[in-house]
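Remarks on the structure that follows.
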Amino acid sequence: MSAPNIETIVSLSKRRGFVFPASDIYGGLGSSWDYGQLGVELANNIKRSWWNWLVYERDDIEGLDSSIIQNRLVWKYSGHEDTFSDPLVDCRDCNARLRLDKLDVDPTDGKAMCSNCGSKNLTEPRDFNLMFRTTVGAASADDDPAALAYLRPETAQGIFINFKNVLDTSRRKLPFGIAQIGKAFRNEVTPGNFIFRTREFEQMELEYFCRADDAPALFDSLLDEYQKWLEGLGISSENFYRYEVPKKDLAHYSARTVDLMYRFFPERKETGGDEWDEIMGIANRTDFDLKSHSKKPEGADGKRINPDSTEDLSYFDPTTNERFYPYVIEPSVGVNRTFLAVMMDAYTEKTNDKGEVRVILKLKPELAPIKVAVLPLAKNNESIVSLAKKLKHELQPVMRTVYDDTGGIGKLYARQDEIGTPFCVTVDHESLEDNAVTIRDRDTWEQERVSVDSLQAYLSGRLRKSTV
């Protein structure tokens, strides 16, 4: 089967409760989405996998959860107030507002062309800052400039300004990292493609602090480890490639950046378009951030670079008696895009013996929103229903389990396949006699009879085996 396009995933997500349009009853809000009852479970499982892998399984990383609204000076000295912008143009013919860096250029005259109508009659570009403005307190920013604040456009700065706090309280030594999961906000002019590009999104970000000489090797190592983690979520290695960002396109703070690309748009290949886009990026941010937020060092004119900071975020090495600003390797991966890639890679179709095409979401069991569905073969049989509900309640504390009797058994199986439930437990008339149930495997549709007494141990073993 060919890879599904995003529209296929959108349809499944709305139909089965993974993702809904935000504010839907009021006509929605451009590119805003709500994670439904299954989507929130899948997203939480992805975040839990990342957190466990970095913070619990490794011994060199601490966790953090910083505030969404910070002092405005954070964004001044990080450079966001001056540089965090997109170049915008307006088409004079169709009035579309467009990002200049995303437009095709006519090779004959070097002029950009409107992606909406093809016109080259565009206004001069102007910078549009992507940060959402807000105010702190009762005064407006017009009345009191000190009231101006921003919703954070990234989680990284919250880590940098807490570097000394974590260092002093954890007694860490280089190299070590600080990990954070949190919401970020960017006032994108052209969001779209479902949850791929949104104005509100969630990041899983690591800032790994090290000596400058160690940075290149750590960069390569972390990139390899991150791709391995993503593949462990069930994403095929064939759907990745690495894009080395050219030096001319690097952010001003970056010595090197690599974007890990995923095949988000397979349908574009048929028309010669680019089927790849970024799922995560990793950057060597050098010592830019810790210097920028420090009351030192001094500039070329002898003045402090940051006169507003109260702290020096340098690192003192007691072994060598050196004081210096660590380099930072930053792997950053989005929850939204990881969620989308996991859904796309898990989506499969299978024809049953009646010739009907069924959707199977082959999620890794540890990511599946529901691990087990308990289904009564006859919902009008009180004894069967009672046993099924009893099993559901016994399994629930150990693994996420649901009970469903809202259709025939074939329809119930199909529903659970479509939402990625690894196992279905069917309670039938024989169960009342032999104290056993039928276990159905989502991927193979094979069935096995298991005694009720050993059901929990059997399912736990199958789920553990599936995660290896």
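Read-outs throughout are calculated quantities, based only on the coordinates presented, and are distinct from any laboratory measurement. Owing to the predicted nature of the structure, the values given are computational and were not obtained by experimental measurement. Glycine also receives a Cβ, built like all others from the backbone with ideal geometry; neighbour counts cover every protein chain displayed.
Once you divide the Cα radius of gyration of the chain by 2.2 N^0.38 Å, the number left is 1.15.
Here each label is just a point 7 Å from Cα along the line to Cβ, and for Arg48 and Leu432 those points are 3.6 nm apart. Once the mean of 1/r is taken over each pair of separate Cα atoms and inverted, the range 131-184 shows a Kirkwood hydrodynamic radius of 13.5 Å.
You can think of it this way: the chain between Gln456 and Lys362 has 31.6 nm of extra reach, that is 0.36 nm per residue less the Cα-Cα gap.
Between Asn165 and Glu394, the FRET efficiency estimated from the beta carbon spacing at R0 = 51 angstrom works out to 0.70. In units of the rule-of-thumb radius 2.2 N^0.38 Å, the range 93-221 shows an alpha carbon radius of gyration of 1.50. Partnerless cysteines in the chain, where a partner means another cysteine C-beta under 4.7 angstrom, comprise Cys210, Cys424. The range 69-96 and the range 309-350 have their alpha-carbon centroids 23 Å apart. Between Asn321 and Val136, the FRET efficiency estimated from the beta carbon spacing at R0 = 56 angstrom works out to 0.85. Using Cβ point charges alone (K and R +1, D and E -1), the dipole size of the range 240-397 about the Cα centre works out to roughly 620 debye. Taking amide H as placed 1.01 Å from N in the peptide plane, the amide H of Gly63 sits under 5 Å from that of Ala179, each at least 5 places away or on another chain. For the peptides 283-295, 105-117, the ranking by mean Cβ contacts within 10 Å, running from highest to lowest, is 283-295, 105-117. Computed about the Cα centre, the dipole magnitude for the chain is approximately 500 debye when only Lys and Arg (+1) and Asp and Glu (-1) carry charge, each at its Cβ. Reported to the nearest whole Å, the Cα centre-to-centre distance from the range 381-457 to the range 1-60 is 26. Dipole orientation for the range 370-467: of the candidates Gln447, Thr401, Leu377, Thr401 has the Cα lying most toward the positive pole (charges on Cβ; Lys, Arg +1; Asp, Glu -1). Projected label points at Asp106 and Lys295, each 7 Å from Cα along the beta carbon direction, are separated by 5.8 nanometres. Projecting the alpha carbon convex hull of the range 370-467 along each direction and taking the average yields 5.6 nm².
Could you give the dipole magnitude of the range 370-467 about its Cα centre, charging the beta-carbon of Lys and Arg +1 and that of Asp and Glu -1, in debye to the nearest 20? The dipole magnitude comes to about 440 debye. Between 0 and 90 degrees, the angle of helix 455-467 with respect to the longest Cα principal axis of the chain falls at about 40 degrees. Between the amide H of Ile360 and those of Thr348, Glu349, Lys350, distances stay under 5 Å, these residues lying 5 or more places away or on another chain, with hydrogens modeled in the peptide plane. The value of relative contact order for the range 370-467, using C-alpha pairs under 8 Å at least six residues apart, is 27 percent.
Ordering Pro87, Leu222, Gly137 by Cα displacement along the dipole of the chain toward the positive end leaves Gly137 in first place; charges were set at the Cβ atoms of Lys, Arg (+1) and Asp, Glu (-1). If both residues of a DSSP beta bridge must be in the range 370-467, then about 55% of such bridges are antiparallel.
Taking amide hydrogens as placed 1.01 Å from N in the peptide plane, the amide H of Met280 sits under 5 Å from those of Leu260, each at least 5 positions away in sequence or on another chain.
Straight-line reach from Lys120: taking Cα to Cα under 27 Å and skipping same-chain neighbours fewer than 8 places apart, the lysines in range are Lys102, Lys111, Lys248, Lys269.
Backbone geometry of the range 34-45 corresponds, through the Karplus equation with coefficients 6.51, -1.76 and 1.60 at θ = phi - 60°, to 3J(HN,Hα) couplings of 10, 7, x, 5, 8, x, 5, 5, 5, 4, 4, 5 Hz, x marking Gly and Pro.
The modelled label-to-label distance for the pair Glu278/Lys248, using points 7 Å beyond Cα in the direction of Cβ, is 1.9 nm. Between the listed residues His429, Met113, Ala156, the Cα displaced farthest toward the positive end of the dipole of the chain, a dipole computed from Cβ unit charges relative to the Cα centre, is found at His429. A Förster radius of 56 Å, combined with the Cβ-Cβ distance separating Ala255 from Ser386, puts the computed FRET efficiency at roughly 0.30.
Using 18 Å as the cut-off for backbone N distance, which residues of the range 306-335 belong to the label zone defined by a point 7 Å from the Cα of Asp224 along Cα→Cβ? Those under the cut-off are 329-331.
Sorting the Cα pairs of the range 354-399 by distance into bins of 5 Å, from 0 upward, gives 4, 18, 18, 16, 17, 16, 10, 1 percent per bin.
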